[in-house]
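Engineer: Pasting a structure here, questions to come.
The values are calculated or read from the model by the stated rules, or taken from the named source; none is laboratory data. Predicted model only: the values in this text are computed from it and were never measured. Cβ placement follows ideal geometry from the backbone for every residue including glycine, while neighbour counts extend to all protein chains displayed. With ligands, DNA and RNA removed, areas are computed over all heavy atoms of the protein, side chains included. Shrake-Rupley method; radii C 1.70, N 1.55, O 1.52, S 1.80 Å.
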Amino acid sequence: MSPTDPRAELRFDGTPVPFVPGQSIGAALMANGISSWRTTRVEGRPRGLFCGIGVCFDCLVTVDGQRSQRACVTPAHPGQDVRSADPSTPLPLPGAADE
Ligand code: FES
């Protein structure tokens, strides 16, 4: 990828975040100085990229309304709405919305 490639933008918690086409969401966040985007449930410790290869699930974000997406393996796209995870809000149980 050349440095002359046009930059695109996603939005992270409402803030524009430029990225280079081909980057993952995690790479785009890190390249813009955002190294933590969720906290642990028990002690509130910051979490972001750890393994960087989709194994540890430390990097979860909500992407266009889809919760628990791994930022490190999810490609960045222009206009994406990326939200930091809120571990204090439990995920709905499957089928709970139907009841
Ligand atoms: S950093 Fe480990 S799954 Fe994303």
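Engineer: Full extension from Asp81 to Asn32: what is 0.36 nm times the residue separation minus their Cα-Cα distance, to one decimal in nm? All intermediate terms of the calculation are to be shown ahead of the outcome.
Structural biologist: Values: separation 49, 0.36 × 49 = 17.64 nm, distance 1.59 nm.
Result: 16.0 nm gained on full extension.
Engineer: Have a look at Val55, Ala76, Thr15 and report the one farthest towards the positive end of the charge dipole of the stretch 9-84, computed about the Cα centre with Cβ charges (Lys/Arg +1, Asp/Glu -1).
Structural biologist: Going by the Cα projections, it comes out as Val55.
Engineer: Pop out the carbon and sulfur fraction of the accessible area of the stretch 9-84 as a percent, whole number, probe 1.4 Å.
Structural biologist: Details: 2130 of 4160 Å².
The computed percentage sits at 51.
Engineer: OK, next. How far, in nm, would the chain grow between Cys51 and Ser68 when pulled straight, counting 0.36 nm per residue and subtracting the alpha carbon separation?
Structural biologist: On the way: separation 17, 0.36 × 17 = 6.12 nm, distance 1.60 nm.
Full-extension gain reported as 4.5 nm.
Engineer: Using θ = phi - 60° and the Karplus relation 6.51 cos²θ - 1.76 cosθ + 1.60, list the HN-Hα couplings for the stretch 47-54 in order, rounded to whole Hz, with x at every Gly or Pro.
Structural biologist: 9, x, 6, 10, 7, x, 10, x
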